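For reference, the structure discussed in these notes is given below.
The values are calculated or read from the model by the stated rules, or taken from the named source; none is laboratory data. All of these numbers come straight from a predicted model, not from anything done at the bench. All Cβ positions, glycine included, derive from the backbone under ideal geometry; neighbour counts span all protein chains shown.
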Amino acid sequence: MAIQFSGLATGLDTGSIIDQLMAVEELPIARLQADKTWLNNRLAAFTELNSRLTSFADSIKSLGDSDSLLKRSVKQSSESYLTASVSSEALTGTSYQVEVVSLAQAQKSVSAGGFTSKDSADFGTGTLSFMVDGTSHSVDITSEDNSLEGIMNAINEADIGISAAIINDGSASPYRLMLVGDNVGQSFSMDDSGLTGGTESLGAYEDETGTVNPPIQASAQAHIRVDTLDIYANSNTLTEAIPGVTLDLLQAKAGETTNVSINLDKASIKANIENFAKGYNEVVSFITGQSVINEEGGGVLSGDSGINSIKRHLQSMLTQPFSNSGVFKTLSQLGFETQKDGTLVVNDEILGKAVDENLDSVVSLLAGDNENGLATQFQDYLESMTSSTDGMLKGRKDSIDSNINRIDGRIEIMEMRLDQRRSTLEAQFSAMESLVSSLNSQGSFLTQQMESIANLRK
């Protein structure tokens, strides 16, 4: 950028004068920027409210479904042989004796002989033959992949239910090919007699019934006994041996039994109900914080009828009796108590007694009988407010985004106009400087002439 010396002719700081004139003309942009900041703050506040409403809706999902509400717990007499997890389909008040007789395992076979190189040994070309659980497969071996590593890659790419790897046993000829069945309980064999022209041989891999290179680990199904009933599976994770219970087998030991008992998890039931109060309080506290109280305070959303309507609606749903077959009609009967600031606290003694003595009625109130319960009605309302297509908060966001875009457009136009205005002012002041400079030159010339005339007279 060229250096400009302003005011050389007039003695005025024209650059400063132009900056001050432009500062006055930029005031409307500053006001628009302030409006934009305010709108962005409102958008952030609406986004925060939307997040709290969504979290509230998510936290009470389990309350609207009787199976999810009635959480089960599982206890084991030992964790040495298995771990058990439970779903809502498990039968409460039941116990089972589980014995882990054997674990499921895949067949593993290793070549009998080792090789000095994994990438240069020549095994010839042709076909490797496999028998996998009674089904025959063939893998073509070309001159490009007839090394130990090439054969490994060819087997893996063939996708025949067997995975190949190379191990190093640390001997003079350390490299050996290991084959592993992809599925538990699956037996296989391999024959390399179809490879010709090579200097090395892989040998034949037979399953556990053969005599050539027996597997280092035979394939086997998992075997457990549940209350003396024998159960077999192709995995160490069993999902149907006990209704609603998943068993993960860890260790087999015949004769050792683990007692698995299933009951209602009343502590979790209470915690889920208390989560309702927590989510409700986060919403109400935020809305209250936006309101002007006694002509003091207030957030960027103060005066917005929409958020105040949300608060009133939630409060109304909270106190309105809900018809159902149980003895409880309102949340207050479960120990929910409203504070002066509109938030809730839960009386642990009242809630505990309701869960212990009238759990069916608790379920009827929250999850409903044959129709949606109170928790689902809350959830439906919250989801309608936070809908990404037609929710109230979506409408607020669209309106704010539109206003911000409009302000951005006005600022852009005004900035272009101001750039032209600055250029005009600079040109005008430059012309003034040129004119004053010219007049100064003429004045200097006339002064010199007058001095010359005076000298001639002398």
Query raised in the report: What is the one condition in (1) in contact with a helix residue (DSSP H, G or I) (Cβ under 8 Å, 6 or more places away or on another chain); (2) surrounded by 13 or more Cβ atoms within 10 Å (Cβ to Cβ) that Lys394 does not satisfy?
Result: (1)
Query raised in the report: Taking the condition surrounded by 15 or more Cβ atoms within 10 Å (Cβ to Cβ) and of a type in the set (A, V, I, L, M), does Leu91 pass?
Result: no
Query raised in the report: What pairs come up if the first residue lies in segment 13-26 and is assigned by TED's automatic domain parsing to the domain that holds Ala427, the second is surrounded by 14 or more Cβ atoms within 10 Å (Cβ to Cβ) and of a type outside the set (A, V, I, L, M, F, W, C), and their beta carbons are under 6 Å apart, counting only those six or more places apart or on different chains?
Result: Asp13/Gly7; Thr14/Ser6; Thr14/Gly7; Gly15/Ser6; Met22/Arg422
Query raised in the report: In the set Ser332, Ser305, which member is surrounded by fewer than 19 Cβ atoms within 10 Å (Cβ to Cβ), among the hydroxyl-bearing types (Ser, Thr, Tyr) and at pLDDT 90 or above?
Result: Ser332
Report task. Give the number of residues within segment 106-126 that are surrounded by fewer than 18 Cβ atoms within 10 Å (Cβ to Cβ) and of a type in the set (S, T, N, Q). Result -> 4
Requested in this report: Determine, yes or no, whether Asn372 is over 24 Å from Arg312 (Cβ atoms) and surrounded by fewer than 18 Cβ atoms within 10 Å (Cβ to Cβ).
Outcome: no
**Report entry** Qualifying position, being of a type in the set (Asp, Glu), farther than 30 Å from Asn281 by Cα and in contact with a helix residue (DSSP H, G or I) (Cβ under 8 Å, 6 or more places away or on another chain), among Glu383, Glu415, Glu451
**Finding:** Glu415
Query raised in the report: Can we say Val292 is touching a Lys or Arg at 6+ places or on another chain (Cβ under 6 Å), at pLDDT below 90 and not basic (Lys, Arg)?
Result: no
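Would it be correct to say that Phe276 is more than 32 Å from the chain's Cα centre (by Cα) and either assigned to a helix (DSSP H, G or I) or not charged (D, E, K, R) (or both)? Can you show your working first?
Values: more than 32 Å from the chain's Cα centre (by Cα): no; either assigned to a helix (DSSP H, G or I) or not charged (D, E, K, R) (or both): yes.
Here the answer is no, as Phe276 does not meet what is asked.
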Query raised in the report: Are any residues in segment 163-195 modelled with pLDDT under 90 and among the β-branched types (Val, Ile, Thr), and if so, which ones?
Result: Val184
Requested in this report: Pull up segment 349-367, narrow it to residues that are touching a Gly at 6+ places or on another chain (Cβ under 8 Å) and without any contact (Cβ under 8 Å) to a residue 60 or more places away in the chain, then point me to the one that is farthest from Ser325 (Cα to Cα).
Outcome: Glu349
Requested in this report: Restricting attention to segment 155-183, report how many residues are in a loop (DSSP other than H, G, I, E, B), touching a residue at least 40 places away in the same chain (Cβ under 8 Å) and more than 17 Å from Thr135 (Cβ to Cβ).
Outcome: 5
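Determine, yes or no, whether Gln339 is over 18 Å from Gly373 (Cβ atoms) and exposed (fewer than 13 other Cβ atoms within 10 Å of the Cβ).
Values: over 18 Å from Gly373 (Cβ atoms): yes; exposed (fewer than 13 other Cβ atoms within 10 Å of the Cβ): yes.
Considered against the rule, which asks whether it is over 18 Å from Gly373 (Cβ atoms) and exposed (fewer than 13 other Cβ atoms within 10 Å of the Cβ), Gln339 comes out as yes.
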Report summary line: Pairing a residue in segment 436-449 that is in the same structural domain as Thr14 (by TED's automatic domain parsing) with any residue that is at pLDDT below 75, where Cβ atoms lie under 7 Å and the two sit 6 or more apart in sequence or on different chains, gives Val436/Ala9; Val436/Thr10; Ser437/Ala9; Asn440/Ala9
Query - Filtered residue count, segment 240-254, keeping only those that are in a strand (DSSP E or B) and surrounded by 15 or more Cβ atoms within 10 Å (Cβ to Cβ) - result: 6
Requested in this report: Could you check how many residues of segment 84-139 are without any contact (Cβ under 8 Å) to a residue 60 or more places away in the chain and on the phi > 0 side of the Ramachandran plot?
Outcome: 2
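Residue under question is Ile262, and the condition is that it be assigned to a strand (DSSP E or B), surrounded by 17 or more Cβ atoms within 10 Å (Cβ to Cβ) and more than 34 Å from the chain's Cα centre (by Cα); does it hold?
Details: assigned to a strand (DSSP E or B): yes; surrounded by 17 or more Cβ atoms within 10 Å (Cβ to Cβ): yes; more than 34 Å from the chain's Cα centre (by Cα): no.
No: the conditions fail for Ile262.
Would you point out which residue out of Thr343, Thr319, Thr330 is in contact (Cβ under 8 Å) with a residue 40 or more places away in the chain and β-branched (Val, Ile, Thr)? Full working, then the answer.
Details: Thr319 fails: in contact (Cβ under 8 Å) with a residue 40 or more places away in the chain; Thr330 fails: in contact (Cβ under 8 Å) with a residue 40 or more places away in the chain.
Residue meeting the stated conditions: Thr343.
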Query raised in the report: Considering only residues of segment 418-445 that are surrounded by fewer than 12 Cβ atoms within 10 Å (Cβ to Cβ) and within 27 Å of Ala23 (Cβ to Cβ), which is farthest from the chain's Cα centre (by Cα)?
Result: Ser434
